[in-house]
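Data first, discussion second: the structure below is written as structure tokens.
Every number here is computed from the coordinates shown, using simple stated rules; none is lab data. These figures come from a predicted structure and were not determined experimentally. Methodologically, a virtual Cβ is constructed for each residue, glycine included, from the backbone with ideal geometry; neighbour enumeration extends over all protein chains shown.
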Amino acid sequence: MPGYRMLLCAVVAAALMFVDHRFTRMEEVRGHLTTLVAPIQWLVAVPSDVLAWGSLALSEQRALVEENRRLREQILHLSHRVQHMSSLTAENVRLRELLGAAARLDAPYITAELLSLDADPFTHQMVIDRGRRDGAFVGQPVMDASGLVGQVTAVSAYSSRVLMVADVSHALPVQINRNGLRFVLQGSGQYDALRVLHVPDTADIREGDLLVTSGLAGRFPPGYPVARVTEVVHDPGQPFARVTAAPVARLQRSRHFLLIFPPEPAPVPDDALWDREPVDDMGDIESPPAAQGEG
């Protein structure tokens with residue numbers, strides 16, 4: 001008896017496949033059956049969906065807890081550095097007062113957010129949400145939380161185009177933070193590699209040296225981190241070494257930036273003050289009469 005049932009089921013299945021293949025009326029029947037079966041399929045899928053949602057929620061919670069832990073450690077580390085920097089700042093102020101040097105003023109800035117990136121793979125540009133109405137101007141330095149990103153090259157009313165330091169057409173003067181040697185840093189077309197140009201083979205430059213803006217061009221304020229030296233290659237017989245550096249700014253990940261404004265220039269004494277005769281603190285003293293020759 002079971003064998004006959006199996007044979008009967010096979011015959012019915014073959015007949016249904018034949019009818020479905022030769023006639024179009026089965027499409028309407030299939031549509032109605034799908035509508036009837038849909039709630040059953042949804043009920044069957046509910047347990048798996050609940051498990052998937054629960055696992056996702058737990059994984060996101062673990063990720064948030066881990067991120068919170070890392071941020072707490074970072075805050076603690078930065079707090080330690082701030083405490084150390086406060087003592088160094090006070091010491092620097094005392095030394096500058098001792099030398100009679102002018103105090104350095106903090107450059108004002110505004111914040112900006114990324115709008116879009118240039119789709120051209122041979123250029124490294126982006127558009128930010130600050131424009132002429134916010135005070136942005138062509139040539140304005142752009143920073144992120146880690147270092148120099150680039151400079152503004154075009155400004156509209158509500159947005160600005162930024163040329164990043166990785167672009168091959170971008171170059172700026174830098175200096176080694178360790179010893180003050182000055183060079184020119186140029187983009188290579190890659191986000192993780194910059195070229196230090198015309199480095200003498202005998203120059204004191206090492207892997208790990210921090211390159212900061214020198215301020216010589218007058219466009220970038222001095223002292224801002226730009227890149228860190230990653231490779232120094234000395235070619236025998238060549239006058240210049242091949243030096244590669246990596247940007248310290250997160251060019252491919254940052255979404256928030258700072259637009260730096262030049263600080264107010266220090267007052268320059270009037271030219272008339274330089275032309276005055278020095279005043280003797282002892283008062284006016286008559287010069288002795290010139291000796292007369294014997295007649």
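Summary table below
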| item | result |
| --- | --- |
| Cβ-based net charge around ARG130, under 12 Å, with every Lys or Arg adding one and every Asp or Glu removing one | 0 |
| Quotient of Cα Rg and 2.2 N^0.38 Å for segment 32-180, N being how many residues it contains | 1.79 |
| Sequence-distant residues sharing a close amide H with TYR158 (under 5 Å, placed H) | ARG132 |
| Estimated vicinal HN-Hα couplings, Hz - segment 132-148 in sequence order (Karplus 6.51, -1.76, 1.60; Gly, Pro = x) | 4, 5, 8, x, 5, 9, 5, x, 6, x, 10, 10, 10, 5, 10, x, 6 |
| Whole-Å distance, taken between Cα centres, linking segment 202-224 and segment 110-125 | 25 Å |
